[in-house]
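To start, the structure under review is shown below, and the notes come after it.
The values are calculated or read from the model by the stated rules, or taken from the named source; none is laboratory data. Being a predicted model, the structure only gives us computed values, none of them experimental. Ideal geometry is used to build each Cβ from the backbone, glycine not excepted, and the neighbour counts take in all protein chains shown.
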Amino acid sequence: MSVRPSSSPKAAVEAAQDAYCDWQEAALGRDVNPTELVTRLAAAGAGRVVVTEPAYAALARSERAVRDEYVVAPLYRGLYQ
């Protein structure tokens with residue numbers, strides 16, 4: 001899990017969010033895992049992360065999480081530059 005350095009904290013968090021969505025969709029049977037999202041956002045520089053969606057969801061081996069079926073939309077409550 002690597003996030004490229006960015007010119008701003010917000011851009012780094014958004015890149016981590018996109019990377020999470022790509023990771024989530026990349027394999028069949030991968031549970032929707034908000035803990036992975038928190039880890040990626042914190043590594044990108046987010047000071048505090050509260051996830052309301054996506055909620056954890058166990059998927060069958062034949063299922064794939066599709067971006068349209070879960071929401072990842074950060075709400076910024078303050079940015080430090």
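Pull up the range 39-56, narrow it to residues that are over 20 Å from Ser8 (Cβ atoms) and at pLDDT 90 or above, then point me to the one that is surrounded by the most Cβ atoms within 10 Å (Cβ to Cβ).
Among them, the one singled out is Thr39.
Which condition breaks for Leu75 when tested against (1) touching a helix residue (DSSP H, G or I) at 6+ places or on another chain (Cβ under 8 Å); (2) at pLDDT below 90; (3) closer than 26 Å to Ser8 by Cα?
So Leu75 meets the others, but not (1).
Can you report the number of residues in the range 57-70 which are exposed (fewer than 11 other Cβ atoms within 10 Å of the Cβ) and either in a loop (DSSP other than H, G, I, E, B) or touching a residue at least 12 places away in the same chain (Cβ under 8 Å) (or both)?
Number satisfying all stated conditions: 5.
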